[in-house]
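As structure tokens, the structure follows; a few thoughts come after it.
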Amino acid sequence: MYPFLLKHICCPVDKGSLEIVVFEQQRVILTEEQNNFIRNNGHTFSDFEINILSGLLLNRRKKIFYPIFAGVPRLLTFKHSLLDKFNNQFLSELVKFTQNGYSYVQDEEIPGEKNILASFSNEWTDYGYSEEVYWGQSTNVYNESLFSTINHENQNLKHKLVLEVGIGSGGSANFMSNKFNCNLIGVDLGYSVDVANKNFAKNPFLHIVQASVFNLPFANETFDFVYSHGVIHHTFNTQKAFNALAKLPKSGGRLYIWVYSVLNEQRTLKRRIIMLMERLIRPWCSMLPGWLQTVVLVPIAPLYIFHQNTINIDSKTGMAKYRWREAMHAARDRFTPKYIHRHSETEVIKWFLELGYKDVRPLSIKKLPDFVPVGFYMNTGVEGFKQ
């Protein structure tokens, strides 16, 4: 965690200010290009020259604290497995705070979030991070496809503050931070934040946070641009997750949301068969422990490998071959989430308009490069500007 982040986060419980207590830190040697970014943006060099590896974030008014562990602030508001590990490692440092009445927040979880945390943590951490393949495409083609969908010709994000909700292993967040030349905060509910931080901690302008979309540690109207691609349809209520995100752009800022649609799942016979398999397998597979989910998915993974490497690879620009880990990752994403909702363009556009957003446009009317896969624009992507 870089000190810069402290200026833009708050307590997710009461939106109060947070104070940092450092247990471990390391000095960062910035490149000349990074120095120029800091200088040109009017930032303070000390905000980027230290990487805080462990410590606490204190809300003194509420007498609560949140751990910073393995370089990532953990701003969850319910009990999770990492807390025991943190307690064991930093017991002596924690004692003086607990003796003064401080404690973790242990509110009731948002419906299904512990299941979601476990499911997607397994999905992103069990099979390793691949720098070559991302959702069936070469990583570069996927990132350029995502950039083509979320970029807006009338919004220059250079030196701005951007939020990505649902960063997974962090590859797209790192890419967008560099592409937009901005400070980007990436949030995820699960322990994929550890994979992201391990791979991209050297980017001082990518700031990784573990938090829930329903209890985000940000004040309203904090960001110039907020986007979430393929994430909030996995919450218990997509519209409520959308409403939480819609508060975060500044006046004149932009929000982009991409969620699954029924239309995409019905467009071919192949996809209708996959959808039928999902309906039959996911309801009970999502309730199994992670290791047993793996047992169930092992016979399915070869089907993903065969399809990707013999059919998709020849017919779609930018498609890359699956190995075992990519196939298992894809199978987990389809068959293990507790929630998968699908929404039409009309429905999501209505959400934007109900909250007063202007210039609301669906992705389907946007001219995209030929390499962008059909799944991007056959699902539901919508953007709008906050007034």
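Note the angle between two axes, namely the Cα long axis of helix 171-180 and the longest principal axis of the Cα atoms of the chain, as a number of degrees from 0 to 90, rounded to the nearest 10.
80
Just report the Cα centroid separation between region 1-49 and region 134-206, whole Å.
Cα centres, region 1-49 to region 134-206: 18 Å.
Where does each of 292-300, 333-341, 223-231 land if you order them by average Cβ count within 10 Å, highest first?
Output ranking for 292-300, 333-341, 223-231: 223-231, 333-341, 292-300.
Can you run phi through the Karplus equation (6.51, -1.76, 1.60; θ = phi - 60°) for region 356-363 and list ³J(HN,Hα) in whole Hz, with x for Gly and Pro?
Values per residue, Gly and Pro as x: x, 6, 10, 6, 7, 9, x, 5 Hz.
Arrange Arg272, Arg27, Arg342 by Cβ neighbour counts within 10 Å, fewest through most, would you?
Listed from fewest to most nearby Cβ atoms, that is Arg27, Arg272, Arg342.
Going by a ≥ b ≥ c, the root eigenvalues of the Cα gyration tensor, does region 110-387 fall in the rounded group (a/c under 1.5), the prolate group (a/b larger than b/c) or the oblate group?
It is rounded, given that a/c, with a ≥ b ≥ c, falls under 1.5.
Determine the shape class of region 326-387: with a ≥ b ≥ c the square roots of the Cα gyration tensor eigenvalues, call it rounded for a/c under 1.5, and otherwise prolate if a/b is greater than b/c, oblate otherwise.
Values: a/c = 3.09, a/b = 1.53, b/c = 2.02.
Oblate, since a/c reaches 1.5 and b/c is not below a/b.
Taking Cα atoms of region 3-108, Rg/Rh with Kirkwood Rh, to two decimals? Numbers along the way, then the final one.
Working: Rg = 15.3 Å, Rh = 15.0 Å.
Here the Rg-to-Rh quotient is 1.02.
By how many degrees, between 0 and 90 and to the nearest 10, does the Cα long axis of helix 269-285 differ from the longest principal axis of the chain?
Approximately 50 degrees, to the nearest 10.
How charged is the neighbourhood of Val162? Take every other residue with its Cβ under 12 Å from the Cβ of Val162, and add Lys/Arg as +1 and Asp/Glu as -1.
Counting the neighbours of Val162, the net charge comes to +3.
Evaluate E = 1/(1 + (r/R0)^6) for Asp84 and Ser344, where r is the Cβ-Cβ distance and R0 equals 41 Å; express this FRET efficiency to the nearest 0.05.
So, using R0 = 41 Å, E works out to roughly 0.40.
Note down the net charge around His229, summing +1 for each Lys or Arg and -1 for each Asp or Glu among other residues with Cβ under 13 Å from its Cβ.
So the environment of His229 carries a net charge of -3.
Is the shape of region 249-387 best called rounded, prolate or oblate, per the rule: a/c under 1.5 gives rounded, else a/b larger than b/c gives prolate, else oblate, with a ≥ b ≥ c the square roots of the Cα gyration tensor eigenvalues?
Prolate.
With the cut-off at 23 Å, tell me which of the pairs Lys270/Lys321; Lys160/Lys250; Lys247/Lys366; Lys247/Lys338; Lys160/Lys358; Lys350/Lys386 have Cα atoms farther apart than that.
Beyond 23 Å: Lys247/Lys366; Lys247/Lys338.
Here, each number is a calculation from the coordinates, and none is a lab measurement. Nothing here was measured: the structure is a model prediction, and the numbers come from that model. As a convention, Cβ positions derive from the backbone with ideal geometry for all residues, glycine included, and neighbour counts pool all protein chains shown.
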